[in-house]
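Encoded as structure tokens, the structure appears first; notes follow it.
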Amino acid sequence: MPGGKLAIFGHTPTWSNELIDYLRPIYAQLAPKLWASPPEVWYLPQGPIADLIVASGGFELPERRQYIWRRTYSPRSFSDYLRTRSDHAGLPRDRRDDLLGAIESALPNTVEGNWVTNLYVAFRK
């Protein structure tokens, strides 16, 4: 459609050093393969989104907008969030339960989760 726009957005966690310090030893022991950049880094400026939009041939170089926000979690709500992630859901149930139980036990009563939402808007050529 001439004059149309494409909008793509994604949320990426940017955990604090304090939260990372709680999580790192647990993942090292129970799920070392999961201790890597989350798939959502795809949406960050250094990720491939902008290049893929341009490579499609149908859109101009997208404009990126960034929205930074924070969410407060309890240990349980943080593990509930992790339970929704495909990388965690792919673990065998007993390993996943051990990992999330250890995380819940290690976290303080409240955890601040930092997030970045990146929005890419591109005009059709």
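When peptides 75-83, 31-39 are sorted by average Cβ neighbour count within 10 Å, with the highest value leading, the order is 75-83, 31-39. Looking at the range 12-79, the GluC sites (Glu not before Pro) that sit in a DSSP loop and have at most 15 other Cβ atoms within 10 Å of their own Cβ are GLU60.
Ordering LEU44, TYR81, PHE59 by Cα displacement along the dipole of the range 43-86 toward the positive end leaves TYR81 in first place; charges were set at the Cβ atoms of Lys, Arg (+1) and Asp, Glu (-1).
For the pair ARG71 and SER16, label points projected 7 Å from Cα toward Cβ lie 1.7 nm apart. Taking all protein chains into account, the per residue accessible area for the range 62-113 stands at 61 Å² (1.4 Å probe). Computed over the chain, the alpha-carbon pair-distance distribution with 10 angstrom bins reads 12, 36, 26, 17, 8, 1, each value a whole percent. Rolling a 1.4 Å probe over the protein heavy atoms of the range 52-104, with every protein chain left in place, gives an accessible area that is 51 percent carbon and sulfur. Between SER37 and GLU60, the distance separating the two model label sites (each 7 Å from Cα on the Cα→Cβ line) works out to 2.9 nm.
Taking the range 72-91 and a reference point 7 angstrom along Cα→Cβ of GLU112, the backbone N atoms nearer than 11 Å belong to 72. When each of the peptides 45-52, 90-97 is scored by how many other beta carbons lie within 10 Å of its residues on average, the order from highest to lowest is 45-52, 90-97.
The values are calculated or read from the model by the stated rules, or taken from the named source; none is laboratory data. None of the values given here were measured: they were computed from a predicted structure. For neighbour counting, all protein chains shown are included, and Cβ atoms are generated from backbone atoms with ideal geometry for every residue, glycine included. In case anyone asks, the SASA skips ligands and DNA or RNA and just uses the protein heavy atoms, side chains included. Shrake-Rupley method; radii C 1.70, N 1.55, O 1.52, S 1.80 Å.
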